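S.K.: Please find one structure pasted underneath; my questions will follow.
Throughout, read-outs are computed from the coordinates displayed, never taken from laboratory work. Everything numeric here is computed off the predicted structure, so don't read it as measured data. For neighbour counting, all protein chains shown are included, and Cβ atoms are generated from backbone atoms with ideal geometry for every residue, glycine included.
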Amino acid sequence: MIWVVALAATLILSSEILWRFRDPLNVRLGQKLNYSVGKERLEKATQLPLLFFEESSSFDRLERSSNPGGKAEHFFHYMLWFLQGIAGIISIASLFWIISPWISVVLVAVVIPRAMFEAKYSNQWMDLIYNQTEEQRRISYIDRLLSGLKEQKEIRLFGLSSILIGRWKEQRAQFRKIQFNKKKSLELSMFPSILIYYFVEVAIVIILAFLVSAKAITVGVFISLFQAVERMQNAAQQVSSGYGEMITASIETRYVRSFLSEAGDVVETTPHSEFPQNIERGISLQDISFTYPGQSKPALQHINLHLKKGELVTLVGENGTGKSTLVKILLGLYKPTQGRILVDDIEYNHVSFKSMQQAVSACFQDFFNFEFTAAQSIAAGTGEWLEDISSQKESIRQAARIGGADEFISDLSRGYDTHIGHLFQGGQGLSGGQWQRIAISRTMIRNPQLLILDEPTAALDPKAEANIYAQYTAAFQGKAVLLVSHRLGSARLADRIVVMQDGCIVEEGSHQELLDQRGVYSGMWEVQSQWYK
């Protein structure tokens, strides 16, 4: 008798302690997990091949793995909730053991099917959430369209706000309807286990009433045990719901673990060589072909191209001919499906990607706006985040002069220390052309052996374009420079012009040589020259 009372008292005290310390423990654990697991997830995302982000299913995986610390905290929170319920059930069952061991056994036994139903409930619910990931992303996408700065001009110009809001409401309504119907179905499936538990509770109360009438227990003991039955109901609910939520949280964390461990090969491989610090023999592409995952038609076919040291090569062709894909392969962001790339007779596959990052630089046509200070936005091109950039001031200014950004940056309210963009308070907005000059300057701050400029002056006027090309020519003598451009006027400045069509190189030579061939380039030149007549 004494050990039963002592056990009950201990468990009740343990349950109370768990309850009191649950929230502080959750907050502390959540902070640690949000930092450590969140950092690991971000590192994984930056190590994945660029092709990972070319597939829509990859964004489903990213969505499911979001908020990893919160998912782990969710599991821990309900684990404590579950353990507190277990402690409550055992303490109450030990009290009933004094009256009848069978009552204790039955009370505990009926909790098990209820918990099993909760587990099944959670699994089915998470299956639904899994299948709705893309739909959730569609809803979030419309939300971003309606609330984003860049999208506002076209949304307002074309009167799309009411259409998009209507679409958002329709998708949200359908989304909620599916979830509501599933919840309703799952709750109904839980009803038998709940009904059984209530029948057992009623039976125990009837037995207790019979014992009172038989004067086997006093009215005071009856009231205490009746209250214990009510507490048992709360503890059973706590155990079953806690177990179900633990199942839910474990599935959520499984999505995170899957992303961290099985999402694909990382970009970096075991290197044998460093990228040459001074290219001598140039970069050679030998029979390069490339096909995007899930596509049957190659984006590039049998590309053979040699970029010489100190040579400016312009790559031209209509949209969709494979120019940007070729650029990403040259930068090591994509690996060719067929063929090999050599830099001074060293295969790209044997070169450390980190050393390649330091030796190549590029300005993309879809460049990103770093909304920090103007100096930090340019300094980001060094591959290091510089909070204290005082030692880099001259190199930042030199890069800005080459990129054509120094003049307007000097006119900003705080010069190079001005926060640019409207994202944060006190930021100063820039025009499209100014953002492009910042992006070009960012590529100039390092001393690359290979510089690739993919439509770098699309947002600039012809005069600014000519000035920047003149700066390029002066700054990158002795380097390999590849310029991708639709403006054939600038292509004339190149030492060699390479023409692409349907993923193949179809022509190669100087401006005059290609005009004399009367081929693809000549036709493009005739069309563009009409603009200026």
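S.K.: Tilt of helix 161-213 relative to the longest C-alpha principal axis of the chain, in degrees (0 to 90, nearest 10)?
M.R.: Its long axis makes an angle of about 20 degrees.
S.K.: Over the Cα atoms of region 67-260, compute the convex hull volume and normalise it per residue, giving Å³.
M.R.: 149
S.K.: Then there is this: Expressed as a whole number of Å, what is the distance separating the alpha-carbon centroids of region 405-429 and region 303-355?
M.R.: About 35 Å separates the Cα centre of region 303-355 from the one of region 405-429.
S.K.: Taking 60 Å as R0, compute the FRET efficiency from the Cβ-Cβ separation of residue 354 and residue 187 and round it to 0.05.
M.R.: FRET efficiency, residue 354 to residue 187: 0.65.
S.K.: Determine, for 486, 419, the number of other Cβ atoms within 10 Å of each Cβ, and report the residues in order from fewest to most.
M.R.: Fewest to most other Cβ atoms nearby, the residues stand as 486, 419.
S.K.: Can you find, among 159, 238, 123, the residue sitting farthest towards the positive end of the charge dipole of the chain, where Lys and Arg contribute +1 and Asp and Glu -1 at Cβ?
M.R.: 238
S.K.: Separation between the residue 508 and residue 57 pseudo-spin-labels, each 7 Å from Cα along Cα→Cβ, expressed in nm?
M.R.: Once both label points are built, they end up 3.7 nm from each other.
S.K.: Moving on to the next point. Averaging sequence separations of C-alpha pairs under 8 Å and six or more residues apart, then dividing by the length of region 370-448, give the relative contact order as a whole percent.
M.R.: This gives 43 percent for region 370-448.
S.K.: Please compute the contact order of the chain in relative form: average sequence separation of alpha-carbon pairs under 8 Å and at least six residues apart, divided by the residue count, as a percent.
M.R.: Value for the chain: 15 percent.
S.K.: Which value, in debye to the nearest 20, gives the size of the charge dipole of the chain about its Cα centre, when Lys and Arg are +1 and Asp and Glu are -1 at the Cβ? Intermediate values should be presented prior to the final figure.
M.R.: Details: 53 positive and 54 negative charges, 320 e Å.
That gives the chain a dipole magnitude of about 1540 debye.
S.K.: What's the whole-number percent of alpha carbon pairs in region 358-450 lying beyond 17 angstrom?
M.R.: Tail fraction, whole percent: 42.
S.K.: Return 239, 520, 481, 202 ranked ascending by Cβ neighbour count within 10 Å, so the fewest neighbours appear first.
M.R.: In increasing order of surrounding Cβ atoms, one gets 202, 520, 481, 239.
S.K.: Still on this structure, please answer the following. Could you tell me the distance between the Cα centroids of region 147-166 and region 472-523, to the nearest Å?
M.R.: 39
S.K.: Given Cβ point charges of +1 (Lys, Arg) and -1 (Asp, Glu) and nothing else, what value in debye, to the nearest 20, does the dipole of region 331-413 about its Cα centre take?
M.R.: Details: 6 positive and 12 negative charges, 55 e Å.
Here the size comes out at about 260 debye.
S.K.: About its Cα centre, what dipole magnitude does region 370-448 give when the only charges are +1 on Lys and Arg Cβ and -1 on Asp and Glu Cβ, stated in debye to the nearest 20?
M.R.: So the magnitude is around 220 debye.
S.K.: Another question, then. Mean residue ellipticity at 222 nm from the helices of the chain, using -39,500 (n - 2.57) per DSSP H segment of n ≥ 4 over the full residue count, to the nearest 500 deg cm²/dmol?
M.R.: Result for the chain, helices only: -20000 deg cm²/dmol.
S.K.: In degrees from 0 to 90, rounded to the nearest 10, what is the angle of the helix 68-99 Cα long axis to the longest principal axis of the chain?
M.R.: The answer is roughly 10 degrees.
S.K.: Calculated FRET efficiency, residue 135 and residue 215, Cβ-Cβ r, R0 51 Å, to nearest 0.05?
M.R.: That pair, residue 135 with residue 215, gives E of 0.20.
S.K.: Here's another thing I want to ask about it. Calculate the spin-label point distance for residue 281 paired with residue 338, positioning each point 7 Å from the Cα along the beta-carbon direction, and give it in nanometres.
M.R.: Once both label points are built, they end up 2.5 nm from each other.
S.K.: 7 Å from Cα along Cα→Cβ at both residue 410 and residue 105: what's the point-to-point distance in nm?
M.R.: 9.3
S.K.: Over the Cα atoms of region 333-395, what Rg and Dmax result, in angstrom?
M.R.: 15.6, 46
S.K.: Measure nothing but the geometry: give the 0 to 90° angle between the long axis through the Cα atoms of 462-475 and the longest principal axis through the Cα atoms of the chain, rounded to 10°.
M.R.: 90
S.K.: Take the alpha carbon atoms of region 195-209, find their center, do the same for region 361-383, and report the distance between the two centers in whole angstrom.
M.R.: After rounding, the separation between the Cα centres reads 71 Å.
S.K.: Sorted from fewest to most neighbouring beta carbons within 10 Å, what does the list 56, 490 look like?
M.R.: Going from least to most buried by this count: 56, 490.
S.K.: Could you pull the Rg and Dmax for region 90-142, using just the Cα atoms, both in Å?
M.R.: So, for region 90-142, Rg and Dmax equal 20.4, 63 Å respectively.
S.K.: Right, another one. Give the calculated FRET efficiency between residue 447 and residue 422 to the nearest 0.05, with a Förster radius of 41 Å applied to their Cβ-Cβ distance.
M.R.: That gives a FRET efficiency of 0.80.
S.K.: For the chain, taking Cα atoms only, what is the radius of gyration to one decimal and the Dmax to the nearest whole Å?
M.R.: Rg then Dmax for the chain, in Å: 33.7, 117.
S.K.: Of 369, 85, 250, which is farthest along the charge dipole of the chain in the positive direction, counting Lys and Arg as +1 and Asp and Glu as -1 at C-beta?
M.R.: 85
S.K.: Additional query: Place +1 on the Cβ of every Lys and Arg and -1 on the Cβ of every Asp and Glu in the chain, take the dipole about the Cα centre, and give the residue among 439, 343, 36 whose Cα lies farthest towards its positive end.
M.R.: Farthest towards the positive pole: 36.
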